[in-house]
Structures are given as structure tokens and as C-alpha cells.
Amino acid sequence: MTRSRRLLANLLVLGIVAGSAAAIATGRELWPFSPYPMFSGVHRETTVARHWIYGVLPDGREVPLSDRRFFHPLRPAQLEAAFARLGPAERREGLDDILSRYEARRAAGRHGGPRVTGLRLYRMTFELEADAGNRDRPLARELLAEAPGETR
Amino acid sequence: MRAACERFLFAPAAPAGLGITRALLYGGLLALYARTGFADYADVSEVFRCELWFRPPVAPEAWLVAAHRVWLVALALACVGIFSRAAMAISFALGTYLFWIDGSFGRVHHNELPVVLALGVFAASRAGDAFSLDALRRRARPEPSGEYRWPLRAVQIALALAFLAAGIAKLRNGGLEWITTDNLRLQFLGRSYSLVPASGRNLLVARMPLLCNVLAAATVACELLYGLSLVSARARMILVPASLAMIQGFATFFGPRFTTFMLLSVVWLPWDRLLRHRPRGSGSSV
């Protein structure tokens with residue numbers, strides 16, 4: 001093994017160690033290095049808040065859109081993280097974006113969701129129950145944004 | 001110390017182990033990402049992009065489709081070992097771009113991060129020297145060398161640091177409460193209230209609070225101690241399978257799938273020992 005190849009290998013290993021150490025020390029995402037913070041918070045409450053997206057059917061009824069194919073290529077976890085940090089105007093823009101792709105993909109037969117005329121984003125607060133039987137009975141339901149329509 | 005590091009990284013190893021790892025890694029990535037719709041990010045609103053030190057520009061859809069296809073071809077070539085060096089370099093360059101795009105929407109995807117590092121390491125390696133069509137064509141039988149040890153060590157180090165970071169994050173953000181309180185049980189329950197809920201198996205575990213505490217302790221212990229696998233064969237025998245069980249547990253009871261961490265665990269297979277015990281006459285490279 002030549003000296004230059006050995007140097008290259010050492011530099012690569014050193015880079016991996018230094019990048020990882022920096023991400024751990026700062027607690028910041030330094031892509032492709034990370035402090036891997038997922039699930040590291042402590043859940044103390046017996047309630048939980050989640051962002052849910054409802055579709056508005058042509059007759060005005062609302063249905064939760066709980067199939068990951070509806071939001072492709074965004075995954076539910078990506079949406080949850082994004083909506084948790086976005087402000088009102090950006091939430092509305094985000095919903096508009098999801099609505100247009102949802103309808104385009106539905107028309108193309110790429111998912112089997114119902115036709116919707118709009119989307120609504122709610123912050124749902126639930127009491128945690130052992131069988132999660134209260135998924136359809138939140139403690140609170142706060143409208144955060146609507147597309148197309150008013151932003152609250 | 002320096003000599004120990006040298007031995008750790010560069011002790012001579014037969015080329016076949018690295019070659020087989022290359023075939024498994026690139027074949028696995030090909031299977032995992034053949035149908036991923038990277039191109040669909042072309043028309044996703046910028047509001048969904050997350051804070052990163054650098055956010056790569058999203059190419060038009062046709063370019064992303066082309067990049068994905070070329071990447072898959074490069075993965076396939078690297079898997080069978082034709083034009084290995086070029087195939088691994090292209091796999092690294094395009095894979096980094098596609099994963100970076102994917103990880104810049106919503107939140108960082110931790111599943112892909114070690115893969116980027118592994119692709120970088122393999123791009124700089126001589127992993128095509130054995131167990132490859134290139135080696136068949138050249139009819140060369142390279143001697144054992146440090147060249148065939150350090151790439152596996154580098155990926156092992158990347159994995160160990162990823163697990164260590166996850167363990168430290170839990171202690172830093174949650175402390176011992178992460179283990180000793182109802183935390184994990186409540187997190188299990190909370191998965192059922194997501195817009196796209198977990199499978200329901202999470203509720204089975206949540207019914208057993210003590211088991212949740214045991215799982216929390218085992219998770220943190222496995223993450224913090226995983227690095228011992230670098231220096232102890234005995235620890236490796238316990239911690240690597242334990243990490244695989246933990247990752248499978250995450251997928252089964254929690255939802256997130258860290259499939260690439262499972263795939264990358266092939267770097268821990270003791271190729272030196274396995275290949276030494278093969279029947280005579282079965283060849284050592286290719």
C-alpha cells in the first residue's frame with residue numbers, strides 16, 4: 001500500500017471522526033453528519049398534539065387523509081416536521097402545494113383517494129389511551145391553514 | 001497507540017472480503033432505491049425545505065429522472081464489479097446529490113447518512129479487486145493488503161459514531177428520565193395518533209410498562225456501547241445482532257425503518273474467518 005493511499009485512507013477516517021464529533025458536540029445537523037436526535041426527547045404528558053390534513057369533499061364534508069401515498073414524495077414525518085415549524089402564510093403555501101399534487105396524482109390514478117376541493121390543516125390534541133380508540137375524538141382541534149382559502 | 005491504530009486500519013486482509021461486501025452493499029442499495037421517486041421532488045414547494053448548512057438546488061424533473069437512472073446503473077455495475085472504480089465514484093456522486101435532495105425536505109433523513117459516508121469510502125477503495133468481473137477479466141489475484149481492510153474499518157467507525165450520537169442525544173435531551181419514566185410507553189402510544197398511524201403493534205408493547213423501561217435501557221445501552229464492537233470480537237457478537245434487533249424493533253413497533261443501517265452491517269461479517277474455512281479449490285478471489 002503506497003504512502004499516498006495510506007494518507008488518503010487516514011484523511012477519510014479522520015474526516016468521518018471529526019464530522020461526527022462536531023455534530024455530536026454542537027447538536028446540529030451537519031449533513032451528512034448528525035447528532036441523531038430522533039425520539040431523544042422525553043414524553044411526560046398524557047396528551048399528544050399532531051398535525052392532521054383533512055380533505056374537503058365536494059359536498060363540504062371533511063375526511064382525514066391518512067395514507068402516505070397521498071403526499072408523495074413527502075413522507076408523513078417530513079410533513080409533520082415542516083408544518084410544526086412553518087408560519088401561517090407558509091403553511092397555506094405548503095397546503096396549496098400538497099393539494100395540487102394530490103389532485104394531479106389522483107387524476108393520474110397514482111392513488112385511490114377521494115376527489116377533494118380543498119385541504120385543511122388542523123392541530124389535533126389527543127388524550128393518550130391504551131387502545132388509541134379515541135383517534136376520532138380529539139380533546140381539541142385547531143384549524144391552522146386552509147387551501148384554497150383563508151389563513152388563520 | 002499509533003501502532004495499534006495502524007494495525008486496526010491497515011492489517012493485511014484478503015481482497016475477497018471487501019469484494020463480497022461491495023457486491024452485497026451495492027446490490028442491496030439497488031434493491032432498496034430502485035423505485036424511490038427522487039424525481040418527484042422537482043415540483044415540491046420550497047417552503048418544505050429544512051435548515052441545512054447547504055441546500056443543494058433541485059434539478060428539473062427530467063434531470064432528476066436521468067440522475068436516478070444513471071445512479072441505478074452505476075450501483076448495478078459496482079455490484080457485479082464492471083468498471084468498478086468509475087461505477088463506485090458515480091454511485092457516490094449521484095447518491096450524495098439524490099440523498100441530499102431527499103433529506104432537505106421536511107427534516108433530515110437519518111437513514112441515508114451513513115450510506116453517503118460508505119459510498120464515499122468505497123469510491124476511494126480498491127473494492128473491485130476481487131469478487132468482480134473486473135478481477136475475472138484481469139485474471140489478477142491480489143495479495144492480502146491493508147487496502148482491503150481500511151474501507152471496512154472506516155464504515156464500521158461511521159456506524160459506531162452514528163449509534164454513539166443517538167445514545168448521547170437521548171442522555172443529553174432526556175437524561176435518565178428517557179429510561180426510567182413512562183417516556184417510551186407514551187411515545188409508543190403517541191405513534192397511534194399520527195395522521196398515518198403506526199401498525200398497532202406499538203400498542204401491544206405499550207401495555208407492558210416494565211417492558212418499555214427495559215427496552216429503553218437496552219436501546220441506550222446498545223447505542224452507547226456499540227463502538228466496543230470495533231475493538232472486541234466478543235462485544236461484536238452481542239452488539240451487532242442487538243443493534244439489528246433494535247432497528248427491526250423500531251420498524252415493527254415505532255414505524256421508522258433504518259434499513260440502510262441493517263444493510264451496512266455486512267461490514268461486520270468476519271470475512272477473514274469465513275473465507276479461511278471454505279472448502280479447498282473454491283478460489284479466493286472472484
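A compact table of results
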{"quantity": "Farthest positive-ward along segment B:6-161 dipole, Cα basis, beta-carbon charges - from B:Ala89, B:Trp53, B:Trp71", "calculated": "B:Ala89"}
{"quantity": "Among B:Ala198, B:Ser243, B:Ala233 - extreme Cα towards positive end, dipole of segment B:173-286, charges at beta-carbon", "calculated": "B:Ala233"}
{"quantity": "Rounded to 10°, Cα long-axis angle of helix A:88-107 versus longest principal axis of chain A", "calculated": "80"}
{"quantity": "Using θ = phi - 60° and Karplus 6.51 cos²θ - 1.76 cosθ + 1.60, couplings along segment B:150-163 (whole Hz; Gly, Pro as x)", "calculated": "5, x, 5, 4, 4, 5, 4, 5, 4, 5, 4, 5, 5, 5"}
{"quantity": "Residue mean of other protein chain beta carbons inside 10 Å, A:130-143", "calculated": "2"}
{"quantity": "Furthest towards positive pole of dipole, A:Ile98, A:Leu74, A:Val63, structure part segment A:19-109, Cβ charges", "calculated": "A:Leu74"}
{"quantity": "Nearest 10 degrees, 0 to 90: helix B:15-33 Cα axis against chain B principal axis", "calculated": "50"}
{"quantity": "Calculated SAXS-style log₁₀ I(q)/I(0) at q = 0.10 Å⁻¹ - the protein assembly as shown, Debye, Cα scatterers", "calculated": "-0.78"}
{"quantity": "Peptide B:36-49, shielding by other chains (average Cβ, 10 Å cutoff)", "calculated": "5"}
{"quantity": "Neighbouring partner chain Cβ atoms per residue of A:42-51, average, 10 Å criterion", "calculated": "6"}
{"quantity": "Between segment B:151-214 and segment B:39-100, the Cα center-to-center distance that results, in Å", "calculated": "30"}
{"quantity": "With Cα atoms, 0 to 90° folded angle of helix B:233-249 axis to chain B main axis", "calculated": "50"}
{"quantity": "Chain B - percent relative contact order, Cα under 8 Å, separation 6 or more", "calculated": "23"}
{"quantity": "Most mobile of B:Leu230, B:Leu244, B:Leu204 in a GNM of chain B (Cα contacts under 10 Å)", "calculated": "B:Leu204"}
{"quantity": "Residue-span extension gain [B:Arg172 to B:Ala42] - 0.36 nm each, minus C-alpha spacing", "calculated": "43.1 nm"}
{"quantity": "Solvent-accessible surface (1.4 angstrom probe) belonging to B:Arg55, in square angstrom, nearest 10", "calculated": "100"}
{"quantity": "Calculated FRET efficiency for the pair B:Arg139/A:Thr2, C-beta based, R₀ 22 Å, to 0.05", "calculated": "0.45"}
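The values are calculated or read from the model by the stated rules, or taken from the named source; none is laboratory data. Not measured: the values here are computed from a predicted model. Don't worry about glycine lacking a Cβ; one is built from the backbone with ideal geometry, like all the others, and counts go over all protein chains shown. Areas reflect the complete protein model, heavy atoms only, side chains present, ligands, DNA and RNA absent. Shrake-Rupley method; radii C 1.70, N 1.55, O 1.52, S 1.80 Å.
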